[in-house]
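**Q** Structure below; questions to follow.
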Amino acid sequence: MRKPIIAGNWKMNNTAQQGVTLVKELKPLVSNAACEVVVCVPAIDIPAVAEALKGSNIALGAQNVHFAEKGAYTGEISAEMLKDYGVKYVIIGHSERRQYFGETDETVNLRTHAALNAGLIPILCIGETLAERETGKTEEVLDRQIEQGMKGIDDISKIVIAYEPVWAIGTGKTATAQQANETIGYIRKKVAQTFCPKCAEKVRIQYGGSMNAGNCKQLMAMEEIDGGLIGGASLKSADFSAIVHYDAQGLKLDKDLL
Ligand code: PGA
């Protein structure tokens, strides 16, 4: 049984003070959550948010980590520095980092190993662009991201995979629950072939891309979907807690989602 994991990705939003206010609102709203709850915050917010989260069931996550242990990497942050503040999860290879900051499968792989070596749990993001989906390249792209980005990981069930179709991020365009389930099923099959079937059964795979209070129940009801990586809807406590309590939401009878 895979424990569902709902993670917020604040991206470049919220000063430390705003972040503290948000998690203080969130804490009582999600204290009885059945799933694992994570907030991935800007690096500079980490000390204050870590303090505010003390004694709660919300785990702290970062949005990136450098692959070297330490050294001459101006502007970067190491896994040890994150661990020092009680960070548990770290997003790696988000499509925005691939698109705007030159992240490649090779650097994703290096960062993943650095995170695992330090005892952090990577949330490794993969997903195709619209052009790739429309030209029938989805599986080829996912194969490459899995083979190269996850190379050398001895127990793949120690990471969380986030399937985020790039065309669904921040666009309000969600993959249909069916589409997301099928693609995540494909990812699990590929992970089984590349690594081991047992680990593939255990590894948690989230869906990410315009997930919200209206569509979370239907997405989370899908067999292969083990959680969500939530951008925009994680910035308001009411919206995020509604997703954390996805089972309690009304089913949105939107034909798009069926
Ligand atoms: P979104 O972002 O929920 O705003 O689409 C998801 C993500 O990029 O992780």
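**Q** Counting just the residues of the range 185-215 that are free of Cβ contacts under 8 Å to residues at least 40 places away in the same chain, closer than 21 Å to Ser95 by Cα and within 16 Å of the ligand (Cβ to nearest atom), which one comes out most open to solvent (accessible area, probe 1.4 Å)?
**A** Among those that are free of Cβ contacts under 8 Å to residues at least 40 places away in the same chain, closer than 21 Å to Ser95 by Cα and within 16 Å of the ligand (Cβ to nearest atom), it is Asn212.
**Q** Checking the conditions here, which among Val23, Val65 is more than 16 Å from the ligand (Cβ to nearest atom), part of a loop (DSSP other than H, G, I, E, B) and buried (at least 20 other Cβ atoms within 10 Å of the Cβ)?
**A** After ruling out the rest, the residue left standing is Val65.
**Q** Here's a follow-up. Got a sec? Which helices (runs of 4 or more DSSP H) wholly within the range 128-239 have at least 1 residues that are within 30 Å of Glu25 (Cα to Cα)?
**A** Of the helices (runs of 4 or more DSSP H) lying wholly inside the range 128-239, those with at least 1 residues that are within 30 Å of Glu25 (Cα to Cα) span 177-194, 216-220.
**Q** So, one more: What residue, among those in the range 51-62 that are farther than 14 Å from Ile121 by Cβ and surrounded by 18 or more Cβ atoms within 10 Å (Cβ to Cβ), is nearest to the ligand (Cβ to nearest atom)?
**A** Ile58
**Q** If you don't mind, another one. Does the range 69-97 hold any residues that are open to solvent by 50 Å² or more (accessible area, probe 1.4 Å) and either in contact with a Leu (Cβ under 9 Å, 6 or more places away or on another chain) or touching a residue at least 24 places away in the same chain (Cβ under 8 Å) (or both), and which are they?
**A** Hits for the range 69-97 are Glu69, Ile77, Glu80, Lys83, Tyr85, Gly86, Lys88, Glu96, Arg97.
**Q** Which of the residues that make up the range 216-237 are among the aliphatic types (A, V, I, L, M), near the ligand (Cβ under 9 Å from one of its atoms) and buried (at least 22 other Cβ atoms within 10 Å of the Cβ)?
**A** Leu229, Ile230, listed by residue number.
**Q** A follow-up question, please. Looking only at the range 166-188, which residues are modelled with pLDDT of 95 or more and under 21 Å from Thr112 (Cα atoms)?
**A** Selection gives Ile184, Ile187, Arg188.
The values are calculated or read from the model by the stated rules, or taken from the named source; none is laboratory data. A quick note: this is a predicted structure, and the numbers were derived from the prediction, not measured. Note that each Cβ is placed from the backbone with ideal geometry, even for glycine, and that neighbours are counted across all protein chains shown. In case anyone asks, the SASA skips ligands and DNA or RNA and just uses the protein heavy atoms, side chains included. Shrake-Rupley method; radii C 1.70, N 1.55, O 1.52, S 1.80 Å.
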